[in-house]
Amino acid sequence: MSERREKIGLRLIHPVNGNSKEYFFTPNDSATDVVNHVFDNWPQEWEADRVSSAAILRLIYQGRFIHGNVTLGALQLPIGKTTVMHILARETLPEPNSQGPRNRGKTEESNCCVLL
């Protein structure tokens, strides 16, 4: 039990079947470490949704994709507590610094109006 107090609990929710599974990691574990561990320890209740490779598993935390080299410690997840994330299969990820559709095409200069 004391080992769990020194780790970060992750409750991963599978979006297709809605089931969740809890795992324990260290603050130094990265998103890649997490998805590799989940792939290697795929829950029995998710068997119908098994993926072919850990490389396509993605984590979502607070509405954002967590990229491969980001550690759980960098996300400031609390040690000894459980944090909820979603895990899903997706071939590609959006760029980490993408602005999204809101800011596309906007620049610092604007040529929309001319004052005389």
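The values are calculated or read from the model by the stated rules, or taken from the named source; none is laboratory data. These numbers were taken from a predicted model, which means no experiment stands behind them. Because the Cβ atoms are built from the backbone with ideal geometry, glycine has one as well, and the counts that use them run over all protein chains shown. These accessible areas exclude ligands, DNA and RNA; they are computed on the full protein's heavy atoms, side chains included. Shrake-Rupley method; radii C 1.70, N 1.55, O 1.52, S 1.80 Å.
Here are the numbers:
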| quantity | calculated |
| --- | --- |
| 3J(HN,Hα) from dihedral phi, segment 21-35, Karplus parametrisation 6.51/-1.76/1.60, rounded to Hz, x for glycine, proline | 9, 9, 10, 10, 9, 8, x, 7, 6, 9, 4, 5, 4, 5, 5 |
| Residues with amide H under 5 Å from that of VAL70, placed H, sequence gap 5 or more | ALA31, THR32 |
| ³J(HN,Hα), Karplus 6.51/-1.76/1.60, whole Hz, each residue of segment 79-88, x for Gly, Pro | 6, x, 10, 10, 10, 9, 9, 9, 10, 8 |
| Loop-located GluC sites (Glu not before Pro) in segment 23-92 whose Cβ has at most 12 other Cβ within 10 Å (DSSP) | GLU91 |
| Principal axis dimensions, largest first and in whole angstrom, of segment 1-55 by Cα | 34, 21, 15 |
| Area of HIS14 that stays accessible when all protein chains are in place (1.4 Å probe, Å², to 10) | 10 |
